[in-house]
Amino acid sequence: MNGVITLITDFGTKEGYVGAMKGVILSIAPEAQIVDITHDIPFGRVSKASLVLESIQRYYPAGTVHLVVVDPGVGSRRRAVAVESAGQFFVGPDNGVLEPAYHADKLFNCYELSDPEYHLKPVSFTFHGRDIFAPAAAYLARGVKLEKLGKRVQNPVRLASGRKKIISNERLIGRVIYADRFGNLITDITAQELELLSRDMSRLAVSICGKRIEGISDYYSQGAQGKLIALVGSTGRLEVASTMDSAFDHLGPLAEDAEVTIFKI
């Protein structure tokens, strides 16, 4: 174990929720190195949190614990889980947010955080981030074995995967997952999926919100100012951007969940 614990939440930083979680972690694992990835996930946006996790996990060393608390079902019967995958650990609600862990290693191990010995007491119905997830992350960072935390889970919840598909070898349909702070629209379409249509990115077009974009660009400033462009961003996914401008502002709020169609030209 390397003692590194990353945090992804939708708590924001105006209240003390993140601070409470850090206090619990440091009380259990005083040597932990806590890394704030983001606390600005829009409330309950599990798919965005999962994408952020996917985009950062590969850059952390073996033994890192990734703690993700985007949990609109807190207090319900949804499970709390911890996963060991590809030499790292992932802690969070069983709502699909840990999907990247299941892709990283098909032989992942998943356990429910069901042993109260490893919970803060008493456990609140509304703050499992502090009372269940933060202690689990801290104990894992200290070297406690995953199987000590509870019972094995064979069927963790997965994110819905049927929304993007190749309708034919001429077309691919996906959707926007979220808009980043620059107004770039990040989609669920990967570079590998684009290559299934064509290895020549200039032969592809993008349709979104009634707008058509010809070709896939290499970088953000490739088009004229204010022009919509499409490119594969640092996450390895297709983005719709606007040169020196905001694609989100250009297309309007409905763009954040818009359908995106890629086709050959």
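Quick rundown of the values:
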| quantity | calculated |
| --- | --- |
| Where a residue in segment 16-35 is free of Cβ contacts under 8 Å to residues at least 40 places away in the same chain and its partner, wherever it lies, is assigned to a loop (DSSP other than H, G, I, E, B) and surrounded by fewer than 18 Cβ atoms within 10 Å (Cβ to Cβ), with Cβ under 7 Å and at least six apart | Val18/His39; Glu31/Gly3; Gln33/Gly3 |
| Selection within segment 130-157 - surrounded by fewer than 16 Cβ atoms within 10 Å (Cβ to Cβ) and in a helix (DSSP H, G or I) | Arg142, Glu147, Lys148 |
| Any hit, segment 51-67, residues being crowded, with 19+ Cβ neighbours inside 10 Å, farther than 24 Å from Asp180 by Cβ and in contact with a strand residue (DSSP E or B) (Cβ under 8 Å, 6 or more places away or on another chain) | yes |
| Qualifying position, being among the aliphatic types (A, V, I, L, M), at pLDDT 95 or above and surrounded by fewer than 20 Cβ atoms within 10 Å (Cβ to Cβ), among Ala86, Ala80, Ala101, Ala29 | Ala86 |
| Test: residue in segment 31-44 that is under 16 Å from the mean Cα position of the chain (by Cα), in a loop (DSSP other than H, G, I, E, B), within 19 Å of Arg158 (Cα to Cα) and charged (D, E, K, R) | no |
| Count of residues meeting criterion [part of a helix (DSSP H, G or I), loosely packed, with under 14 Cβ neighbours inside 10 Å and modelled with pLDDT of 90 or more] in segment 193-202 | 2 |
| Answer from Ala224, Ala230 - the residue that is loosely packed, with under 13 Cβ neighbours inside 10 Å, among the aliphatic types (A, V, I, L, M) and not assigned by TED's automatic domain parsing to the domain that holds Leu98 | Ala224 |
| Qualifying position, being assigned by TED's automatic domain parsing to the domain that holds Asp131, over 25 Å from Phe108 (Cα atoms) and among the hydrophobic types (A, V, I, L, M, F, W, C), among Val35, Val46, Val18 | Val18 |
| Selection within segment 31-50 - acidic (Asp, Glu) and farther than 14 Å from Asp180 by Cα | Glu31, Asp36 |
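To keep it simple, each residue is scored yes or no on (1) more than 26 Å from Ser168 (Cβ to Cβ); (2) modelled with pLDDT of 95 or more.
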{"site": "Tyr219", "(1), (2)": "yes, no"}
{"site": "Ala224", "(1), (2)": "yes, no"}
{"site": "Gly236", "(1), (2)": "no, no"}
{"site": "Glu239", "(1), (2)": "no, yes"}
{"site": "Glu256", "(1), (2)": "yes, no"}
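The values are calculated or read from the model by the stated rules, or taken from the named source; none is laboratory data. Computed from a predicted structure; not experimentally measured. For neighbour counting, all protein chains shown are included, and Cβ atoms are generated from backbone atoms with ideal geometry for every residue, glycine included.
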